[in-house]
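J.: This is the structure, below, for whatever I ask next.
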Amino acid sequence: MAPANIPPAHASSDDQVLVLGRISDDPRTHHEQLKPLLDYVVPRMRDVGITEGHILMARDVQQMTSYLRRGRVDWVTETAGAAMRLQERAGARPLLLTERSGADHYRGVFFVRRDSGIESLADLKGRTVAFQNTASTSAYFAPAVELLDAGVPMEILLSPMDRPGPDSVGYLFARTELNIATWVHKRLIDVGVISNLDWEDARRIPPAFRNDFRIIHQTPDYPRALEVVRGDLDPKVQARLREVLLEAAGDPAARQALQLFFGTTGFQPIDAESRRALDHLRRGVLRVREQIE
C-alpha cells in the first residue's frame with residue numbers, strides 16, 4: 001500500500017509547514033481523525049512561523065522511520081510501543097502522553113477459559129496465545145516482554161490450528177479484541193491478551209464470554225499513547241506545539257477535534273514514573289525485535 005498523502009505532504013524542510021504523521025492501515029479514516037486537530041493547532045503556531053499543516057501516512061514503522069530521518073514528518077501520534085520503536089530507529093523524541101477516554105495508562109491482561117487448567121505464564125509452554133497486532137502495546141509488546149522475562153520462548157503460528165513445540169508458546173495475531181475473545185472461548189487458542197480497558201468493555205468481551213474467562217497475569221502499566229516529534233525539529237516549534245496541545249483540553253474550540261483524535265481527552269507531561277515505564281518498554285521492544293520478530 002502506498003503512503004496516503006491526503007493532501008500531498010511536503011518535506012519538513014519547509015519551515016512554514018507542520019507535518020503530522022501516523023502509521024496506518026486505513027489512511028482515509030485516519031486522515032479524517034487527524035485533520036481537525038491539525039487545523040486547530042496550526043493557527044496557534046503562527047508566532048513560530050507555522051502557516052500550513054499537512055498529513056503523511058506510513059504503512060509501517062519502517063516507512064515512518066524513513067520519513068522521520070528525512071525530515072518529512074515533524075510530529076507523530078502513536079501507541080507507546082510504536083513510539084519507542086521510532087525513538088530507537090529514528091531518534092524521535094517523546095513530547096507528551098496522550099489521554100484517551102480519560103485514561104493515560106493501561107496494561108495487558110492475559111486471560112484463559114476457567115476450565116483450561118492454566119494458572120500462570122509458567123504453564124504456557126506448548127500452548128497458544130492470541131495478540132492483537134504488531135503495533136499494540138498492551139496486546140503485543142508488553143505481554144511479549146512478560147513472556148520473555150518468564151523464560152518462555154515464542155514461535156509464530158500459521159493459523160489457530162497450528163501448534164507450537166512443547167517448550168515454547170505459539171502466537172498469532174487476531175486483529176480485534178472480539179476475535180481474541182472468540183478464539184479463546186471456542187478453544188481455538190489457549191490464551192488471549194487484551195488491555196485492561198478492553199477487558200471491561202462489553203463490546204470487546206461479551207458478558208456471555210466473560211463468565212467463562214479468568215485472568216492469569218497482568219503486565220505493568222504503560223502510557224496509553226504518545227505524541228513524538230522528530231529529533232531535529234526546531235526547538236521553538238517543538239515547545240510551542242507542546243504548549244498548544246497541553247492547553248487544548250481546556251479550550252472549548254478544541255473539544256470536537258480532540259474527540260475525533262482517537263477519543264483524546266487531553267495531553268499530559270511525561271512524568272518520571274512514565275519515563276521509567278517507557279524506558280523499560282523501549283528495552284523490551286528491542287528484545288522483541290531481536291528475539292521474536
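The values are calculated or read from the model by the stated rules, or taken from the named source; none is laboratory data. The structure displayed is predicted, hence computed values, not measured ones. Because the Cβ atoms are built from the backbone with ideal geometry, glycine has one as well, and the counts that use them run over all protein chains shown.
J.: Taking residue 208, is it more than 20 Å from the chain's Cα centre (by Cα), in the same structural domain as residue 180 (by TED's automatic domain parsing) and either at pLDDT below 95 or buried (at least 16 other Cβ atoms within 10 Å of the Cβ) (or both)?
T.: Here the answer is yes, as residue 208 does meet what is asked.
J.: Quick check on segment 68-77. Is at least one of its residues surrounded by fewer than 21 Cβ atoms within 10 Å (Cβ to Cβ) and either at pLDDT below 95 or not in a loop (DSSP other than H, G, I, E, B) (or both)?
T.: Taking every residue of segment 68-77 in turn, at least one turns out to be surrounded by fewer than 21 Cβ atoms within 10 Å (Cβ to Cβ) and either at pLDDT below 95 or not in a loop (DSSP other than H, G, I, E, B) (or both).
J.: Answer yes or no: is there a residue in segment 179-199 that is more than 14 Å from residue 110 (Cα to Cα), in the same structural domain as residue 142 (by TED's automatic domain parsing), basic (Lys, Arg) and in contact (Cβ under 8 Å) with a residue 24 or more places away in the chain.
T.: Taking every residue of segment 179-199 in turn, at least one turns out to be more than 14 Å from residue 110 (Cα to Cα), in the same structural domain as residue 142 (by TED's automatic domain parsing), basic (Lys, Arg) and in contact (Cβ under 8 Å) with a residue 24 or more places away in the chain.
J.: Checking the structure you have, find out if any residue of segment 168-179 is surrounded by 14 or more Cβ atoms within 10 Å (Cβ to Cβ) and touching a helix residue (DSSP H, G or I) at 6+ places or on another chain (Cβ under 6 Å).
T.: Yes: segment 168-179 contains one or more residues that are surrounded by 14 or more Cβ atoms within 10 Å (Cβ to Cβ) and touching a helix residue (DSSP H, G or I) at 6+ places or on another chain (Cβ under 6 Å).
J.: Something else: Any idea which of (1) touching a His at 6+ places or on another chain (Cβ under 7 Å); (2) without any contact (Cβ under 8 Å) to a residue 12 or more places away in the chain is the one residue 223 doesn't satisfy?
T.: (2)
J.: So, residue 40, is that one surrounded by 20 or more Cβ atoms within 10 Å (Cβ to Cβ), more than 27 Å from residue 193 (Cα to Cα) and modelled with pLDDT of 95 or more or not?
T.: In short, yes.
Condition check ((1) in the same structural domain as residue 29 (by TED's automatic domain parsing); (2) under 26 Å from residue 278 (Cβ atoms); (3) touching a residue at least 12 places away in the same chain (Cβ under 8 Å)) across all residues:
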site	(1), (2), (3)
48	yes, no, yes
52	yes, no, yes
80	yes, yes, yes
83	yes, yes, yes
90	yes, yes, yes
113	no, no, yes
144	no, yes, yes
149	no, yes, no
